[in-house]
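K.L.:
Please read through the structure below; I'll follow up with questions.
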Amino acid sequence: MRLLVAALALLAFPAAALAHHGWSTYDPNTVLKITAPIETAAYSFPHTHITLTHEGAVWEIVLAPPTRMTARGVSAEQLAVGKEVTVEGYPSRVTEHELRAERITIDGTTTELR
């Protein structure tokens with residue numbers, strides 16, 4: 001039984017590793033700042049995500065993992081649909097309209113995410 005559990009864990013590891021991408025696909029030389037109401041929010045692992053519409057395009061915003069969000073004082077409740085936020089970060093070089101957020105401003109408070 002232990003061998004079966006170990007084998008299943010090893011099989012699951014590559015999928016988890018692929019789901020968590022590296023940051024090299026984001027352009028650190030281009031900083032974007034988007035202010036808009038939250039359309040969707042997912043406070044989940046490996047990273048919290050929100051979507052915002054900016055200049056006619058829906059942007060997928062990659063935030064920090066939930067544990068870091070909580071440690072920095074940003075709760076799931078603060079990422080309520082309809083709440084206006086400002087995010088600053090780096091656009092993806094690979095996925096159009098995806099942004100890795102370095103900071104988020106909610107209700108006048110800016111939180112560093114990295």
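The values are calculated or read from the model by the stated rules, or taken from the named source; none is laboratory data. Remember, predicted model here, so these are calculated numbers, not experimental data. As a convention, Cβ positions derive from the backbone with ideal geometry for all residues, glycine included, and neighbour counts pool all protein chains shown. Areas reflect the complete protein model, heavy atoms only, side chains present, ligands, DNA and RNA absent. Shrake-Rupley method; radii C 1.70, N 1.55, O 1.52, S 1.80 Å.
K.L.:
Where does the charge balance sit around residue 95 when Lys and Arg score +1, Asp and Glu -1, over other residues with C-beta under 15 Å from its C-beta? Before the final figure, lay out each step's value.
P.N.:
Working: positive: 93, 100; negative: 27, 60, 96, 98.
Computed value for this residue: -2.
K.L.:
Let me ask something else. Could you compute how much accessible surface residue 39 exposes when probed at 1.4 Å, giving the result in Å² to the nearest 10?
P.N.:
Its accessible surface works out to 80 Å², give or take rounding.
K.L.:
Oh, and also: Could you list which residues have their amide H under 5 Å from that of residue 83, counting only those 5 or more apart in sequence or on another chain, with H placed in the peptide plane?
P.N.:
38
K.L.:
I would also like to ask the following. Using a cut-off of under 13 Å, list every residue of region 21-46 whose amide N is near the label point 7 Å from the Cα of residue 97 along the Cα-to-beta-carbon line.
P.N.:
Inside the label zone: 39-40.
K.L.:
Just check region 63-114 against the gyration tensor rule for me: Cα atoms, a ≥ b ≥ c as the square roots of the eigenvalues, rounded for a/c under 1.5, and otherwise prolate or oblate depending on whether a/b exceeds b/c. Please report the intermediate quantities before stating the final value.
P.N.:
Working: a/c = 1.86, a/b = 1.49, b/c = 1.25.
Taking the square roots of the gyration eigenvalues as a ≥ b ≥ c, region 63-114 is prolate.
K.L.:
With the crude spin-label approximation of a point 7 Å out along Cα→Cβ, what separation in nm comes out for residue 110 versus residue 68?
P.N.:
1.8 nm
K.L.:
What does the charge count near residue 84 come to, summing +1 for each Lys or Arg and -1 for each Asp or Glu among other residues with Cβ under 14 Å from its Cβ?
P.N.:
After counting each charged neighbour, the total is 0.
K.L.:
Excluding residue 64 itself, what net charge comes from residues whose Cβ is under 11 Å from its Cβ, given Lys and Arg +1 and Asp and Glu -1?
P.N.:
Overall, the nearby charge balance is +3.
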